[in-house]
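A quick write-up on the structure given underneath.
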């Protein structure tokens, strides 16, 4: 289970916040971090591309292998950088 989203706080702050929530059985940790311009737009596009793996429509949790998610995200970001 992966949480894929952006934050305007530090990643460490966001992880602590998620792990404090009721119902978190196994603590979440950071697997990867990408710094991009216009993070809200990048997040929206990635969530569209990851829609088949979304656990719930109203949450940023996805059920797929980290390597597959990472490859999809990196490919999209590489494409953005080529456009610049």
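Some points to look at:
Yes/no matrix, rows are residues, columns are (1) out of contact with any strand residue (DSSP E or B) (no Cβ under 9 Å at 6 or more places or on another chain); (2) at pLDDT below 95; (3) surrounded by fewer than 12 Cβ atoms within 10 Å (Cβ to Cβ):
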| position | (1), (2), (3) |
| --- | --- |
| 6 | yes, yes, no |
| 9 | yes, yes, yes |
| 24 | yes, yes, yes |
| 37 | yes, yes, yes |
| 40 | yes, no, yes |
| 61 | no, yes, no |
| 64 | no, no, no |
| 69 | no, no, no |
| 74 | yes, no, no |
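- Residue within segment 8-29 that is part of a strand (DSSP E or B) and touching a residue at least 12 places away in the same chain (Cβ under 8 Å) present: no
- Looking only at residues in segment 42-59 that are within 15 Å of residue 7 (Cα to Cα) and at pLDDT 95 or above, the one that is surrounded by the most Cβ atoms within 10 Å (Cβ to Cβ) is 46.
- Screening 78, 65 for residues that are within 14 Å of residue 3 (Cα to Cα) and out of contact with any helix residue (DSSP H, G or I) (no Cβ under 8 Å at 6 or more places or on another chain) leaves exactly one candidate, 65.
- Residue check: residue 69 meets all listed conditions (1) in contact (Cβ under 8 Å) with a residue 60 or more places away in the chain; (2) assigned to a loop (DSSP other than H, G, I, E, B) but one, namely (2).
- Those residues of segment 9-18 which are closer than 14 Å to residue 34 by Cα and within 13 Å of the chain's Cα centre (by Cα), in sequence order: 11
The values are calculated or read from the model by the stated rules, or taken from the named source; none is laboratory data. Since we're looking at a predicted model, the values are computed, not measured. Methodologically, a virtual Cβ is constructed for each residue, glycine included, from the backbone with ideal geometry; neighbour enumeration extends over all protein chains shown.
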